[in-house]
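What follows is a short report on a single structure.
The values are calculated or read from the model by the stated rules, or taken from the named source; none is laboratory data. These figures come from a predicted structure and were not determined experimentally. For neighbour counting, all protein chains shown are included, and Cβ atoms are generated from backbone atoms with ideal geometry for every residue, glycine included.
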Amino acid sequence: MSDSKYFTTTKRGEIKEFREELRSLEKLKKKEAVKKVIAAMTVGKDVSMLFPDVVNNMQTEDLELKKLVYLYLINYSKTQPDLAIMAVNTFVKDSQDTNPLIRALAVRTMGCIRVDKITEYLCDPLQRCLKDDDPYVRKTAAIAVAKLHDINPELVEDRGFLDQLRDMLQDSNPMVVANAVASLAEIQELSGKEVLKVTDGTVFKLLAALNECTEWGQVFILDSMATYTAKDAQQAENIIQRVLPRLQHANGAVVLSAIKVVLKQMASVSDENLLRLWHKKMAPPLVTLLSTEPEVQYVALRNISLIVQKRPEVLTNDVKVFFCKYNDPIYVKLEKLEIMIKLATPDNIDQVLLEFKEYAQEVDVDFVRKAVRAIGRCAISLQEASERCINVLLELIQTKVNYVVQEAIIVIKDIFRRYPNKYESIIATLCENLDSLDEPEAKASMVWIIGEYAERIDNADELLETFLETFPEESGMVQLQLLTATVKLFLKKPTESAQKMISLVLSAATSEVDNPDIRDRAFVYWRLLSTDPEAAKDVVLAEKPVISNDTGSLEPLLLEELLSQISTLASVYHKPAGTFVSRTRLAVQKADELEATHFEDELAAAPEGQGRTRELPATAGAAAVPAAVPAAAPQVDLLGDLLDMGPPAPAAPAPAAPAPAAAAPVASPVDDVMDLLSGLDMGPAPAAAAAPVDPFGGLDAPTPAPAAAQPQSVTLPVVLPPDRGQGLTIGGQLARQGGQTVYLMQFGNAAGVPVDGLMIQLNTNSFGLQPAHQVLNVPPVAPGTVASATVPLVQMPAKVAPGPVTDALQIAVKTNQLGVLYLNDAVALEGLLVEGGEIAQNVFLDSWRALSGDNERSETLPVAVGDVDATLARLKAANVFCMAHRQVPGTSQEAVYLTCRVDGVPAQLLLELRFTRNAQGVICACKSERPDLAPLLFPAVQRLLA
């Protein structure tokens, strides 16, 4: 009968039945019960309360039952770390079983149980399995090392596992070699240390293993070899010859990884005949990737785009395979279009242009526009084919399709810039289509053409007049071109009508237009024309630099970096991995971090006005229930202060004397889930194992001695004074470092005892800020000293506080000696401003106009601005970018227009600062789709201006 029967039950309250069946003496009934439990777990039911009963079935000869129990253990050990230790002895026993499948299963399961308490017991079995006679066990153990490193990197290094992995690169079994490479690569990526270094001695061992391991093993080996640079051309040639057969593999990942190795080694070879041969061999597998489903095609095309940019000769003769099919999705069509442009040569341009012409007559408007632009880009790239491209564009203009005509005019303007004074004969054809222009870019392009060739167009003044009639309503792009074109017309043909036009345009641009760019340019032209017309000619009619087609091209260094990351997301995004992948991973659930997680819940659930250092008393009996006791030292109402709710609570009395060492406190193992999750003992515990602990994991702390020494001064703003920190002073400040938001902290110790075990937790806040790691990398703070820490912060949507945006930042800091300390700080918004917050000037202007008065806030800041350049430089360093700077007409005031963006908030913040130099008071206006951020932005701007 099928196992699907286990998923069809609709019974309720079957936990009791499961428990009875798990305790049955019949082996078959036990096995059926475990299957039912696994099925319930799979569909999302909570069966964690059956943990002891399931674990009792581990010691069995039935391999299927053992696998099921191990699967249950992997799923629930994180929530039951103390009970998981019960399974350790069975794991150790199974790792020495005569059956290699059971040995491998044991070590794999122990690696998957990501609980810090288990790691010490994993080391000995793992070391045995790494040297096991059976290759299946060795390859499983190799992967387990990477899992152990993720939990406890220091332990892996101390026990010499990395050296053992490197030795396994010489193993006789190819799968063991492949898994060792995969494990070392994973460790290297997460640790940032060079633990996998392919050398002359290992490279050919890896190549030998390449032919016999699985396809994913081949990918790992090839990726590692892509980092190796051959010592000479002969070695590079040997490597390529050994890798070339992988190009025929059915798995696209293997093909792309092999191409990555070949491209890397080709850089060391100068023999043109060999290079041509390898180019021919690389083409067919790349073409084959295009016969798959659209999603895989897209990934292949993005990688091919990088390859042909580096070595276009690989696919120059295969341009036809990139012709678009009628049923291709638009994202595939656009990528094919880009590659066709890169592969266009004088030999194949005719068939490429014919294809582009077909695309320009399709029904998808966006694709048609891209096709017309592709024709223009080919004309700019290939001088020999430019005339043929122009002829195709003229044929498209004759179709009189509005959007085709406008796109053709845009690209012809670029062709004129690339080949000045060469194709002016087609201007008449363009002028016939003036009435069809309604898009800003097309209008701006046509105006540029009229102004550039005004002396050759008889009725240039009449043509410009048709545009000038709607000058105030035009977009900024068109207004700028009209302004320049009118000045060009006046300088080239200084007639009476041109003089009248220039007067009207300059007057309108300086008095009626809000755009600072247009006003500034108009003033420049006005002063040039009124003072020195010859100088105006030299400026406006100067010879312009010839443009080139760099659209879609990457910088050489960036291209090399992306080629080394072929077959990864970086090659799909065309961005280095570091720009979109954070190397910071969520920490493994270690004992102390499990406790910190519980503290977070406590912080959120604590009643108002009852903040305290929570500690549990020492008890003598094994079954004693923890009872509330006073705090370790006189303590203010910390949570009350945290929430700003009421006066401090009265001081608590001193605790009772600690129990003698002989009467070690113990607690019930199942009465309190909090205690189960926060035990600190690393060894296997009896039924009543762990001493009571606080939510962060510290045992009962001694009462701090009176202050013995005055600490060095804390230079950051003090957020917890020593009288509230039991002698510990904490300074803190939100800041931006290296493109990441961090919280800078300093700890000044006047408590008389060393302070260690520092951990941090943030309450929910308006920006969802949370520490990337709760454990602070701070050594013990000796009395009279100051220690510093930089806490990287991440944004978690689930931790965004409901309600209006505020700058409240509520923080809890745990120490082993002083318990949990609560403190208040404010979000300094300049610490959240991102580096990529700059936008184009025309976008700024359009956004400013589009936002209504409801989206505007203003405030007068009590600061003065003296040196404007220095101020703007200071703002830019803080990621507040200047869009424009002008003198306010008729006043002594100056206006500066700025923009910035807050991390995690898509809305742009637009600013206007009005001030008189060295005068107190700066008027700051903010427009945004998120006006609720303005009250936080104004203090940030004030701090930056000060």
For the range 156-211, how many residues meet the condition of being over 18 Å from ALA230 (Cβ atoms), touching a helix residue (DSSP H, G or I) at 6+ places or on another chain (Cβ under 8 Å) and part of a helix (DSSP H, G or I)?
24
Scan the range 835-855 and report the pairs whose first residue is in contact (Cβ under 8 Å) with a residue 40 or more places away in the chain and whose second residue is surrounded by fewer than 12 Cβ atoms within 10 Å (Cβ to Cβ) and acidic (Asp, Glu), with Cβ atoms within less than 9 Å and a gap of 6+ or a chain change.
LEU845/ASP514; TRP848/ASP514; ARG849/ASP514
Within the range 521-529, is even one residue within 24 Å of ASN842 (Cβ to Cβ) and not in a helix (DSSP H, G or I)?
no
Are any of the residues in the range 324-336 closer than 21 Å to ARG388 by Cα and modelled with pLDDT under 95?
no
Go through (1) over 18 Å from GLU859 (Cβ atoms); (2) of a type outside the set (Phe, Trp, Tyr); (3) touching a strand residue (DSSP E or B) at 6+ places or on another chain (Cβ under 6 Å) and name the single condition VAL896 misses.
(1)
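This table checks each residue for (1) farther than 22 Å from THR568 by Cβ; (2) free of Cβ contacts under 8 Å to residues at least 60 places away in the same chain.
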site: GLU189; (1), (2): no, no
site: GLY217; (1), (2): no, yes
site: LYS231; (1), (2): yes, yes
site: ASN251; (1), (2): no, yes
site: LYS260; (1), (2): no, no
site: ASN273; (1), (2): yes, yes
Among the residues of the range 884-899, are any within 28 Å of GLN795 (Cα to Cα) and surrounded by fewer than 18 Cβ atoms within 10 Å (Cβ to Cβ)?
no
Pick out, from the range 231-317, the helices (runs of 4 or more DSSP H) lying fully within it that include 1 or more residues that are surrounded by fewer than 15 Cβ atoms within 10 Å (Cβ to Cβ) and hydrophobic (A, V, I, L, M, F, W, C).
233-243, 272-288, 294-310
May I ask you to list the residues in the range 1-41 that are of a type in the set (Lys, Arg) and at pLDDT below 65?
LYS5, LYS11, ARG12
Considering the range 901-930 alone, what residues qualify as being under 22 Å from GLN841 (Cβ atoms) and of a type outside the set (A, V, I, L, M)?
ARG901, PRO906, GLN908, GLU912, ARG914, PHE915, CYS924, CYS926, LYS927, SER928, GLU929, ARG930
Reported set for the range 530-551 where residues are among the aliphatic types (A, V, I, L, M) and either on the phi > 0 side of the Ramachandran plot or not in a helix (DSSP H, G or I) (or both) is LEU541, ALA542, VAL546, ILE547
Which numbered condition in (1) of a type in the set (Gly, Ala, Ser); (2) part of a helix (DSSP H, G or I); (3) more than 20 Å from PRO125 (Cβ to Cβ) is the only one that ALA106 fails?
(3)
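For (1) closer than 24 Å to ARG417 by Cα; (2) surrounded by fewer than 21 Cβ atoms within 10 Å (Cβ to Cβ); (3) touching a residue at least 24 places away in the same chain (Cβ under 8 Å), each residue gets a yes or a no:
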residue	(1), (2), (3)
ARG456	yes, yes, yes
ALA460	yes, no, yes
GLU469	no, yes, no
GLU473	no, yes, no
GLN481	yes, no, yes
LEU489	yes, no, yes
THR495	no, yes, yes
GLN499	no, yes, no
LEU504	no, yes, yes
I want to confirm something. Restricting to the range 508-539 and keeping residues that are basic (Lys, Arg) and crowded, with 17+ Cβ neighbours inside 10 Å, which single residue is farthest from GLU912 (Cα to Cα)?
ARG521
Is it the case that some residue within the range 748-755 is within 27 Å of the chain's Cα centre (by Cα) and in a loop (DSSP other than H, G, I, E, B)?
no
Return yes when PHE91 is over 15 Å from VAL34 (Cβ atoms), modelled with pLDDT under 85, surrounded by 19 or more Cβ atoms within 10 Å (Cβ to Cβ) and among the aromatic types (Phe, Trp, Tyr) and no when it is not.
yes
Does CYS129 fit the bill of being assigned by TED's automatic domain parsing to the domain that holds ASN173 and surrounded by fewer than 18 Cβ atoms within 10 Å (Cβ to Cβ)?
no
Does ALA604 qualify as being in a helix (DSSP H, G or I), in contact with a strand residue (DSSP E or B) (Cβ under 6 Å, 6 or more places away or on another chain), modelled with pLDDT under 75 and assigned by TED's automatic domain parsing to the domain that holds VAL791?
no
